[in-house]
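**Q** The structure under discussion is supplied below as structure tokens; questions concerning it will follow.
The numbers here are math on the coordinates, done by the rules we state, and not lab data. What you see is a predicted model, and the numbers here were worked out from it, not measured in a lab. With ideal geometry, Cβ positions are generated from the backbone for all residues, glycine too; neighbour counts draw on all protein chains shown.
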């Protein structure tokens, strides 16, 4: 394979022209760091349709041809999760850097195999946890990790909407990777989930959970809770992060006030000793400070993600959402499935080294 | 005790002039069915403050005096939960009908004792589950029980806000009675919770849960989930009820569209076989029908509740939220506390006959 | 009349037991500064109904009796606007301080007569512009007058909802007094409206405007615009105040973020010289600063208004919303009616000395 | 020029690679009805940047070359308004069909010249009033024109946001074409604006109105009002259309309830004869019916617009937003400018035949 260092753009191929592939195609095309060489899909007509009639990018159904191309330095995989191991392993073995759509793989064991392979070969393995690259989440990460919120007490994430009921995976595997990767991304050093409980309901006879709730125990005693739902007629994407000093509310559907940071001081009182007026006064004292909505730049997360992939390849240092972060997410997903099957019992997580 | 039948208004006394008592005072005063005789509070100056300087209602600190008054047919209790058993029992034994602020009592056993006592004496025992008397919840009850939604699949209730951290009870006992009584109220005949799991976090060193999540298993396989939270800087009061035919969204903070009913038909497809356009089309097909927001009258729930109390007394038939409904809520609260202490395990509920 | 100085509460009577009177009754009753003596209404049964069956306040249909009572120091008038002149004048001539529901009178000339009479007798004349006493408007007044927003450029106020179509007045006279009194209240020293144009539509064959728009020219070149509407199925109460340094948004229906203050720096560029990306960057630069939502206490405006009335009476200094502010509002209402009749021409305002 | 009939895609060139051009490029590329031949911009490097490094479309700075290409049947113009006349005229004279970004031209006279030229040559002239092709506006058009709302009483449109202060045009010419073209599009046969008044404020020393209000008189006595604003920190895009039977609210920023249709029956009463309760009851009677939010498909408006352009070319019948609709919008814009300069006087509109 050719060197990825120097000024030459990194040659890249996208594998998978389904739902997500076209977004990768568009963003690799608009990045100066990359040169898109191929779009590969088992169904070549689908690949051609995605490229359209005006593109100079080559379509192919043959992954071998792509991997044999010395101008291809990196592979971006947007195929179903069940195929990630096979495709990514082939790519790594061909000496290519690899970006994988979430989840990293179909199982924790498969994900671990990918991490190991990339480690051994000194190649970049990155998971496309797109949300981690939104301006909002990058800012949340700063605020949480810099101690602005104080000690983290709870995190509540709701991601509900009408969604496609999928044939092969349940709503936890479909949607929760977003929340789990965000949590993994923003938690301060030394704070991490240690166990998870999951409850769910089918709801439409789909044979798998369409509505689910995850409760994560953190090693600090804090909890994180996630509500994912394919059946909600209303769309909600709101995360509340409660800290000892401030509480952060991220409402991703409110473009004017996507992030809001609230001061708060809580008083522990005996309500029965208070009249209605006093009671109200005390409740008001919670909100003595102002609310601040930090300004955020508008920038497409995928664009930032693609640049991070480029930087990781060029510098050799792990991406913000490297294979190990993908593996930590897999650990929770697997434990959640186990908990769901066991009626909601708390399941301890595998530790990722 | 004097007869409550005929045209004479029902004589009533309110016990407790704290947070909730003044609301009862105001509503009994404006109801033609009742004649408010006393406001009783251990702190008589608090009772006088509530009545103000222009009232002809008598204030007292002496419950015995109230119970001895033959013009008092009924007692409305708005004291801390720990005192409900004693006050209500005394009132029942004095032959008075009893209305109790939620929760019915401090424990399931105490609540059962009250139900039994009222039964034996043929007196009305009612729990002031105020939310059940809002125009929205009354309408939801109709819609759910008439089968408009089809079979119930899931119910998700969020009740979060900055709230007073209480000295004696946790957030579950403070806020969840609202959600639990609503669920008890709207579930169709034959559908009922059978077990509950609870997870929570303290968050401010209060020594009790300030953020909590309840998951109820229903006997039909459906689930109900409740999020109650004293520490949220934003106020949310939204309940989603997903059925096989329609889904109902109740957003109590949206006066224009408090209730919204969505048609939905869900398709179980294989996403990897679809292009982006087809995938979007299918997701759109979920929302093929229109959304309808039923018109609701504006009417104070407490006013309707007070009238229901009057009707129950006059007719001798159980109130919509009678002692047994209060007891069913207590069964869940107690099981939730047990689950919380046991790290979230699913706890089977006591059955109320 | 008896002296209003010293520690004795100010004796007050409310005249008018219709829509607004009960609110005055309730607030005078809960104020330590006042002693409510009478509720007077031509329909004595209506007055009795408002007082309820538990009140010690006297009801009467006879204003003369009220004005003859030496224990009555002040009169609060909540009758139709057409009667304000007569009732208020009688009260002033009987030596009583006067509070008048908005608008101050039915015409500018009548309002001026009241101001003059109160001046001559050294009595307090106050207009109940309730909104001016909300915590939000009091804070807006501070922010605008302290220069936080910089020079005022525009003010846009929307007050729309389903409202009762009234028999005697149009939507401008019904709703715009709120906006006009708020504008009068918050404008800095030396800044004032000088002319108004009004456009309207009937909409339901009511014989008067049910939807109307007012445009005020200020002496500084700034403009203020008001949209009032009885026919809107959605309720909006939002005011935007644009200044050279900051812009303030007051959304009275958003309890979490009632006030929001935005920094802004505007760039005057030539868009045709810019590409899409640059154009977006520039637009983003408008919002370089954070948004701040100042914390507000929750306090009933009428309670503050009643206290202001008490203070004005005790100190002899003009209330925040004294007769002259009521007169300035009348000047605009009259000019707006003239403009409306003349097809929207700009009409110069009477100057209030 | 070559024939546009038959199965061959229509050859098209986009002129202007600034803010809007790239959207046209993308949509012509994805339409089977068109074959994009050229992207033309005086700054050829800008055209190349828009096409990117993977495109087979030709870039050029030479309009003559484009117009000389026999494979080009149609020209889409996305250059500044001041150049529309020259470019469109050249294109028409070269026998090309023409699509022009809004506004159709810089003046009414210039727009009329284009309409005349296209008429004489039997060519399609279409104005890209994109909003008219959104699913929401197409649905509104159906609802209004089918009589679902009854007789139209008022229309209120708010389009405010932080926007780029432009060097050559004011906020009316920048934003109001959207609202004016929508109004032109949805008004029933025989209903049309006859006069306009405009008020505005500069706000940032830009030398032109940055905040403006238009009031349109319709020939039926109804009014339409438009608020456009470059300086608002909050984004609002809401239109209310009040009819004698129903009122429609279009909130373009609310994806869940973009359209809401309210029943309403209005009562004309005498409020002073009513108590608070009766008054409330009457107000409630306005909202006796339910609200219905019609389901809308999600479809990019530009895609529909491009197809309409194709259909108009193939069939020879006028597009929904043909040159004349562009001209009617220009008539209002010019009259609004005249009104603004004259202090808001009502200016009669030119009639477009």
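**Q** With runs of 4+ DSSP H residues as the only contributors, calculate the mean residue ellipticity of chain A at 222 nm using -39,500 (n - 2.57) per run, divided by the residue total and rounded to the nearest 500.
**A** Calculated mean residue ellipticity at 222 nm is -10500 deg cm²/dmol.
**Q** Pick from D:177, D:233, D:22: which residue has the top mean-square fluctuation in a GNM of chain D where Cα pairs under 10 Å get a spring?
**A** Comparing D:177, D:233, D:22 in the GNM, the peak value goes to D:233.
**Q** May I ask you to report, in nm to one decimal and beginning with the shortest, the distances from residue C:65 to the same position in the other copies, taking label points 7 Å along Cα-to-Cβ?
**A** 3.3, 9.8, 10.2
**Q** So if R0 is 60 Å, what FRET efficiency would residue A:62 and residue D:113 give, r being the distance between their Cβ atoms, rounded to the nearest 0.05?
**A** Rounded to the nearest 0.05, the efficiency is 0.55.
**Q** Give me the distance in nm between label points sitting 7 Å out from Cα along the Cα-to-Cβ direction at residue D:244 and residue C:350, one decimal.
**A** With each label point 7 Å from Cα toward Cβ, the separation is 3.9 nm.
**Q** For segment B:1-129, I need the span (max minus min coordinate) of the C-alpha atoms along each principal axis, in Å, sorted largest to smallest.
**A** Its Cα atoms span 41, 34, 26 Å along the three principal axes.
**Q** Under the Kirkwood approximation for Rh and a Cα-based Rg, what ratio Rg/Rh is obtained for segment C:73-140? The partial results should precede the final answer.
**A** Values: Rg = 12.3 Å, Rh = 12.2 Å.
With Rg and the Kirkwood Rh in hand, the quotient comes to 1.01.
**Q** In degrees, nearest 10, range 0 to 90: what is the angle between the Cα axis of helix A:323-341 and the longest Cα principal axis of chain A?
**A** Rounded to the nearest ten degrees, it is 60.
**Q** If I fit a long axis through the Cα atoms of helix D:276-285 and take the longest principal axis of the Cα atoms of chain D, what angle between them do I get, 0 to 90°, rounded to 10?
**A** Long axis of D:276-285 versus the principal axis of chain D: about 40 degrees.
**Q** Moving on. Across peptide A:148-155, how many C-beta atoms of other chains are within 10 Å of each residue C-beta, on average? Mind showing how you got there, number by number?
**A** Details: counts 0, 0, 0, 1, 1, 8, 10, 2.
Per residue, the average neighbour count from other chains is 3.
**Q** Let me ask you something else. Taking square-rooted eigenvalues a ≥ b ≥ c of the alpha carbon gyration tensor, is segment D:19-79 rounded, prolate or oblate, where a/c under 1.5 means rounded and, failing that, a/b exceeding b/c means prolate? Could the numbers behind the result be given before it?
**A** Working: a/c = 1.42, a/b = 1.03, b/c = 1.37.
Since a/c stays below 1.5, the shape of segment D:19-79 is classed as rounded.
**Q** What are the label-to-label distances in nm, one decimal and shortest first, from residue D:307 to the same spot in the other copies, with labels 7 Å along Cα to Cβ?
**A** Distances to the matching label points in the other copies: 3.7, 5.3, 6.3 nm.
**Q** Tell me the Rg and the Dmax, in Å, that the Cα atoms of chain B produce.
**A** 22.1, 78
**Q** Provide the FRET efficiency to the nearest 0.05 for the residue B:32-residue D:219 pair, computing r from the beta carbons and using R0 = 56 Å.
**A** Numbers: r = 55 Å, r/R0 = 0.98.
Using R0 = 56 Å, I get an efficiency of 0.55.
**Q** Counting DSSP beta bridges with both partners in segment D:12-150, what percentage is antiparallel, nearest 5?
**A** Rounded to the nearest five, the antiparallel share is 0 percent.
**Q** Considering the rotation that carries chain B onto chain D, locate the chain B residue whose Cβ comes closest to its axis and report the distance in whole Å.
**A** It is B:292, 3, counting Cβ atoms only.
**Q** To continue, here is another question. Along Cα→Cβ at 7 Å, what distances in nm separate the residue B:191 label point from those on the other copies, shortest first?
**A** 3.8, 4.3, 5.6
**Q** Now a separate question. Quick check: from the Cα gyration tensor, does segment D:148-252 come out rounded (a/c under 1.5), prolate or oblate?
**A** Taking the square roots of the gyration eigenvalues as a ≥ b ≥ c, segment D:148-252 is prolate.
**Q** Within 10 Å of each Cβ of D:224-237, how many other protein chain Cβ atoms are there on average?
**A** Details: counts 1, 9, 0, 5, 0, 5, 3, 10, 8, 16, 11, 2, 5, 0.
Other-chain Cβ atoms within 10 Å of each residue's Cβ, averaged: 5.
**Q** Order the peptides B:90-99, C:89-98 from the highest to the lowest mean number of other Cβ atoms within 10 Å of their residues.
**A** Ranking, from highest mean packing down: B:90-99, C:89-98.
**Q** Of all DSSP beta bridges in the protein assembly as shown, what percent run antiparallel (nearest 5)?
**A** 60
**Q** Indicate the gyration tensor shape class of the protein assembly as shown (rounded, prolate or oblate), computed on the Cα atoms with a ≥ b ≥ c the square roots of the eigenvalues: a/c under 1.5 is rounded; otherwise a/b larger than b/c is prolate and the rest oblate.
**A** It comes out oblate by the Cα gyration axes.
**Q** Also, quick follow-up: When the label point is put 7 Å from the Cα of residue A:253 along its Cα-to-beta-carbon vector, which residues of segment A:101-142 have a backbone N closer than 20 Å?
**A** The answer is A:131-132, A:134-137.
**Q** Round to the nearest 10 and give me the degree value, 0 to 90, for the angle of helix A:84-93's Cα axis relative to the longest principal axis of chain A.
**A** Once rounded, one gets 50 degrees.
**Q** For chain B, calculate the relative contact order in percent as a whole number, restricting contacts to Cα pairs under 8 Å that are 6 or more residues apart.
**A** The value is 18 percent.
**Q** Another question, then. What is the mean number of Cβ atoms from other protein chains located within 10 Å of the Cβ atom of each residue in peptide A:196-202, rounded to a whole number?
**A** If you average over the peptide's residues, the count of other-chain Cβ atoms is 6.
**Q** Please grab the % of Cα pairs in segment C:73-199 that end up more than 27 Å from each other. Kindly include the intermediate steps, with their values, before the conclusion.
**A** Working: 2319 of 8001 pairs.
So the portion of pairs separated by more than 27 Å is 29 percent.
**Q** A follow-up question, please. Rounded to the nearest 5, what % of the DSSP beta bridges within chain B are antiparallel ones?
**A** If we restrict to bridges inside chain B, about 60 percent are antiparallel.
**Q** Also, quick follow-up: Please state the relative contact order of segment D:298-353 as a whole percent: Cα pairs under 8 Å, 6+ residues apart?
**A** 26
**Q** With springs only between Cα atoms under 10 Å apart, run a GNM on chain C and tell me which of C:213, C:262, C:19 wobbles the most.
**A** Fluctuation is largest for C:19.
**Q** Here's something else I'd like to know. For chain D, with a Gaussian network of springs between Cα atoms less than 10 Å apart, report the residue from D:164, D:320, D:218 with the top mean-square fluctuation.
**A** Top of the fluctuation ranking is D:164.
**Q** Using only alpha carbon pairs under 8 Å that are at least six residues apart, calculate the relative contact order of segment C:152-226 and give it in whole percent.
**A** 38
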